[in-house]
Amino acid sequence: MRPMLTVFDGHNDTLTREDADRFATGREGGHIDLPRARAGGLGGGIFAAFTATPGDEPPPGEPAAPIGQDLAAGVVTRTIGRLLALERAGHVAVARAPGDLDAAREAGVLAAVAHIEGAEAVDPGLHALELLHAAGLRSLGPVWSRPNAFAHGVPFAYPSSPDTGPGLTPAGRRLVRRCAELGIAVDLSHLNEAGFWDVAGLELAPLIASHSGAHALCPASRNLTDAQLDAIGASGGLVGIVYAVAFLRADGAEDPDTPLEAIAAHVRHVADRIGAEHVALGSDFDGAMIPRELGDAAGLPKLLDAIRAAGFGEDEMELIAWGNWRRVLEAAWA
């Protein structure tokens, strides 16, 4: 019998959910908790602090309204505080430096990377970034799908190009540079195409899109064009393939009966385009509709079987499941 692979997942919103305090003992719903992580072989992940936009959702193709630093800072401090409390209780190991991911895996403890999705909690002077780094922040997405002081997030639209507006602001360029100096990975998922190319042009670290798909297979604004994939590969970076069904399907539908083969097809496309060493997994657990067949983190072995069936050998599977994320995060943190 084939041994279970350990999976590192590139994005979840679990610790922002109302029942997040039951993470260690088990939640009734959602996608991740500690028991289900163990059951599915989830050995690590990037845990996001995400601040929702108050009010109604915008019309399709329109960005969400901006939010203020005070609102975002409250969510971020609470979420990272939850993560640190889980670490103090011995339930997770917060990864802060090269070597930490494998050390946690060898110890049988869930490795957790602290991340903020949308940098509204950071002031344009970047003083808050220093504090967040000291608290363990090691990954940051400059934007969610709305504008802020640093850049413009791509609105949710289908079909649509990701080229939806201007790129990084001067403050955004300073943010990306300071993240590189501190050893904070910069996540390009949710950034529009102009912002993507601005970050790529700085040539500071491997390019990372933690939870995205291939635009060639699903022409949603949130997905990456082949030209963007080429740039990610040339930088030594990676794409974490998202499980959100609307970013997987050729028709862009929110259909929970989407098969696991749809995720595998995006993995295959990226691997064929830029190599298996540049593709990994980035679920968006607890933040999106995922295939019913997968269910939650306990279903990861079924997904790995679907990816194997797309023509990947065991050495490639180890890279996709764990090794690529370890390599790229350690490069960003060095």
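The values are calculated or read from the model by the stated rules, or taken from the named source; none is laboratory data. It should be emphasised that the depicted structure is a prediction, and the values quoted were computed from it without experimental measurement. In this analysis, Cβ positions are derived from the backbone assuming ideal geometry, glycine residues included, and neighbour counts consider all displayed protein chains. For the accessible areas, the whole protein counts, side chains as well, though only heavy atoms, and no ligand, DNA or RNA atoms are used. Shrake-Rupley method; radii C 1.70, N 1.55, O 1.52, S 1.80 Å.
Can you find even one residue in the stretch 199-208 that is open to solvent by 10 Å² or more (accessible area, probe 1.4 Å), of a type in the set (Gly, Ala, Ser) and assigned to a loop (DSSP other than H, G, I, E, B)? Yes: the stretch 199-208 contains one or more residues that are open to solvent by 10 Å² or more (accessible area, probe 1.4 Å), of a type in the set (Gly, Ala, Ser) and assigned to a loop (DSSP other than H, G, I, E, B). Of the residues making up the stretch 185-198, those that are in contact with a strand residue (DSSP E or B) (Cβ under 7 Å, 6 or more places away or on another chain) and either without any contact (Cβ under 8 Å) to a residue 40 or more places away in the chain or open to solvent by less than 20 Å² (accessible area, probe 1.4 Å) (or both) are ALA185, ASP187, LEU188, SER189, HIS190, LEU191, ASN192, GLY195.
In a residue-by-residue description of the stretch 291-298, the property of being within 19 Å of the chain's Cα centre (by Cα), of a type in the set (D, E, K, R) and open to solvent by 40 Å² or more (accessible area, probe 1.4 Å) applies to no position. When the stretch 18-56 is filtered for residues that are part of a loop (DSSP other than H, G, I, E, B) and in contact with a strand residue (DSSP E or B) (Cβ under 7 Å, 6 or more places away or on another chain), the ones remaining, listed by number, are HIS31, ILE32, GLY41.
Counting only residues that are in contact (Cβ under 8 Å) with a residue 24 or more places away in the chain, more than 20 Å from GLU330 (Cα to Cα), among the small types (Gly, Ala, Ser) and open to solvent by 10 Å² or more (accessible area, probe 1.4 Å), the stretch 119-146 holds 1 of them. Of the residues making up the stretch 217-256, just one is among the polar types (S, T, N, Q), open to solvent by 20 Å² or more (accessible area, probe 1.4 Å) and closer than 12 Å to VAL270 by Cα, namely THR225. Scanning the stretch 94-113 for residues that are touching a residue at least 12 places away in the same chain (Cβ under 8 Å) and either in a helix (DSSP H, G or I) or surrounded by fewer than 20 Cβ atoms within 10 Å (Cβ to Cβ) (or both) yields ARG96, ALA97, PRO98, GLY99, LEU101, ASP102, ALA104, ARG105, ALA107, VAL109. Just so you know, in the stretch 161-184 the residues that are under 21 Å from PHE247 (Cβ atoms) and open to solvent by less than 30 Å² (accessible area, probe 1.4 Å) include one that is farthest from the chain's Cα centre (by Cα), and it is GLY165.
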